[in-house]
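The values are calculated or read from the model by the stated rules, or taken from the named source; none is laboratory data. Nothing here was measured: the structure is a model prediction, and the numbers come from that model. No Cβ is skipped: glycine too gets one built from the backbone with ideal geometry, and neighbour counts run over all protein chains shown.
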Amino acid sequence: MDRHLDGNDGAPGGTPGESHGGSSALISYLIGLGLSILLTLASFWAASTGAVYGPGVPVLLAVLAVAQMGVHLVFFLHISSAPDQVNNFLSLAFGIFVVALIIFGSMIIMANLNHMIMPMEQIIARQR
Amino acid sequence: MSGGLNPTVGKTPLSERGPAPVRTVVGFGFWLFLLSDIVMFAVFFAAYAVLSSSTAGGPSGRELFDHDRVLLETCCLLLSSFTCGLMLIGSKRESRRLFYLGALATLALGLGFVMIEGIEFSEMIADGAAPTRSAFLSAFFTLVGAHGLHVTVGLAWLMLMATQVEAMGFTSMVQRRLLCFSLFWHALDIVWIGVFTIVYLGAG
């Protein structure tokens, strides 16, 4: 495969066998579908079963979701850390960084504000 | 393909290689758009995470959400991601039969998803759980509605692409547009993983 030697980046979504439209692309989609179905069913099972320790369920769900997103990125979007994917991979890393900053930053700041602010009953009591 | 045009380019330094193939540039640009779209969804996710317990005495997620229905929606979207892959393989092999088969299956599964979500929304609003009821429901309808809107736009795009294949055949321009569509469709599926984990399963 000369595309790995020339150093130019490939398009995201381009598959290893895409120049022939080959069977390796089909196998990649099949693997992705199988793994995704397993992870989805595991998520719904973990949310409804009592077999998992209660406070551990959100952690398990988060792990399963991140795993399934990884499966989608690798087997459906064909993003990898291969030499011809450097630009795609770096922009993905920056995107994940911004997303994490927005979500966890908001949650931490709002939880902190909720913690600091006086409960409504006390505000009303003081104004009397 | 990046390497297919000039295989001898391997040893030349970066400064002498010339521009990347159009397909690579288009794919990269659309990938950047998708990442910015995902950042927009991250804002909606953050709003939902902050507001999910602010029900203002109204119904909570635990009372509203039906897991079986969400599993059905998830299966629709997951299978449509797979059939979208088949469609892309069909376009690369320039096989109209495989392409139209994949496109039709993707369209049917996507329509099924949008219809189930439409039924869910209308039932919730009929039960008094409208977006105006509480901050939790505003955040819910914004997040899930934005995703549903993306899927609807994707379906319109898919029908447009089917007519373009019919009218122009598998030219390199149509192939690039199909690559962008498949990236869009797979990215929507990734957003949906976050939606069903955080919104539907996280609520119990």
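Please find, among B:L88, B:L79, the residue that is surrounded by fewer than 22 Cβ atoms within 10 Å (Cβ to Cβ) and farther than 23 Å from B:M40 by Cα. Give the steps one after another, and end with the answer.
Working: B:L88 fails: surrounded by fewer than 22 Cβ atoms within 10 Å (Cβ to Cβ).
The match here is B:L79.
This table checks each residue for (1) under 19 Å from B:R177 (Cα atoms); (2) within 11 Å of chain A (Cβ to nearest Cβ).
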residue: B:E63; (1), (2): no, no
residue: B:C76; (1), (2): no, no
residue: B:C84; (1), (2): yes, yes
residue: B:R96; (1), (2): yes, no
residue: B:A103; (1), (2): yes, no
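Conditions tested, residue by residue: (1) facing chain B (nearest Cβ under 10 Å); (2) free of Cβ contacts under 8 Å to residues at least 60 places away in the same chain; (3) under 26 Å from B:C180 (Cα atoms).
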site: A:S48; (1), (2), (3): yes, yes, no
site: A:P55; (1), (2), (3): no, yes, no
site: A:L92; (1), (2), (3): yes, yes, yes
site: A:A111; (1), (2), (3): yes, yes, no
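Would you pick out the residues in the stretch A:27-38 that are at the interface with chain B (Cβ under 9 Å from one of its Cβ atoms), closer than 16 Å to A:L77 by Cβ and surrounded by fewer than 21 Cβ atoms within 10 Å (Cβ to Cβ)?
Across the stretch A:27-38, the qualifying residues are A:S28, A:L30, A:L33.
Please enumerate the residues belonging to the stretch B:91-100 that are crowded, with 20+ Cβ neighbours inside 10 Å and either touching a helix residue (DSSP H, G or I) at 6+ places or on another chain (Cβ under 7 Å) or aromatic (F, W, Y) (or both).
Quick first cut of the stretch B:91-100, residues crowded, with 20+ Cβ neighbours inside 10 Å only: B:91-92, B:99.
Hits for the stretch B:91-100 are B:S91, B:F99.
Please name all residue pairs, on different chains or six or more residues apart, with Cβ atoms under 8 Å, provided the first residue is in the stretch A:67-86 and is touching a residue at least 40 places away in the same chain (Cβ under 8 Å) and the second residue is surrounded by fewer than 15 Cβ atoms within 10 Å (Cβ to Cβ).
Within 8 Å, the pairs are A:F75/A:I31; A:A82/A:H4; A:P83/A:H4; A:D84/A:H4.
Out of all the residues in the stretch B:12-35, which are among the small types (G, A, S), more than 21 Å from the chain's Cα centre (by Cα) and part of a helix (DSSP H, G or I)?
B:S15
So that you can scan it fast, the table gives a plain yes or no per residue for (1) under 30 Å from B:V50 (Cα atoms); (2) out of contact with any Leu (no Cβ under 6 Å at 6 or more places or on another chain); (3) surrounded by 16 or more Cβ atoms within 10 Å (Cβ to Cβ):
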| position | (1), (2), (3) |
| --- | --- |
| B:T132 | yes, yes, no |
| B:A135 | yes, no, yes |
| B:F141 | yes, yes, yes |
| B:H150 | yes, no, yes |
| B:A156 | no, yes, no |
| B:M173 | no, yes, no |
| B:H186 | yes, no, yes |
| B:V195 | yes, yes, yes |
| B:V199 | yes, yes, yes |
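Would you check which residues across the stretch A:31-57 are modelled with pLDDT of 90 or more and under 16 Å from B:V195 (Cβ atoms) and list them?
Passing the criteria: A:S36, A:L39, A:T40, A:S43, A:F44.
Of all the residues that make up the stretch B:105-120, how many are within 13 Å of chain A (Cβ to nearest Cβ) and either touching a residue at least 40 places away in the same chain (Cβ under 8 Å) or under 22 Å from B:R176 (Cβ atoms) (or both)?
Residues in the stretch B:105-120 being within 13 Å of chain A (Cβ to nearest Cβ) and either touching a residue at least 40 places away in the same chain (Cβ under 8 Å) or under 22 Å from B:R176 (Cβ atoms) (or both): 1 in total.
All but one of (1) at pLDDT 80 or above; (2) of a type in the set (S, T, Y); (3) buried (at least 20 other Cβ atoms within 10 Å of the Cβ) hold for B:S36; which doesn't?
(3)
Scan B:A108, B:A56, B:A103 and give me the residue that is under 15 Å from the mean Cα position of the chain (by Cα) and surrounded by fewer than 19 Cβ atoms within 10 Å (Cβ to Cβ).
B:A108
Go through the stretch A:71-84 residue by residue and tally those that are part of a helix (DSSP H, G or I) and at the interface with chain B (Cβ under 10 Å from one of its Cβ atoms). Lay out the reasoning, then the answer.
Step one: filter the stretch A:71-84 for residues part of a helix (DSSP H, G or I), giving A:71-76, A:83-84.
Pick out the ones that are also at the interface with chain B (Cβ under 10 Å from one of its Cβ atoms) and you get A:71-73, A:75-76, A:84.
Number of matching residues: 6.
Determine which member of the set B:I89, B:I38 is among the β-branched types (V, I, T), in a helix (DSSP H, G or I), in contact with an Asp or Glu (Cβ under 9 Å, 6 or more places away or on another chain) and at the interface with chain A (Cβ under 8 Å from one of its Cβ atoms).
From the options B:I89, B:I38, the qualifying one is B:I89.
Out of all the residues in the stretch B:181-204, which are facing chain A (nearest Cβ under 7 Å) and over 26 Å from B:V165 (Cβ atoms)?
The initial filter retains those residues of the stretch B:181-204 that are facing chain A (nearest Cβ under 7 Å), namely B:182-183, B:186, B:189-190, B:193-194, B:197, B:201-202.
Passing the criteria: B:I193, B:G194, B:T197, B:L201, B:G202.
Look at the stretch A:46-77 and say how many of its residues are touching a His at 6+ places or on another chain (Cβ under 9 Å) and closer than 23 Å to A:L90 by Cα.
Here is the first cut: in the stretch A:46-77, the ones touching a His at 6+ places or on another chain (Cβ under 9 Å) are A:47-48, A:72-73, A:76-77.
With closer than 23 Å to A:L90 by Cα added as a condition, the list becomes A:72-73, A:76-77.
Number of matching residues: 4.
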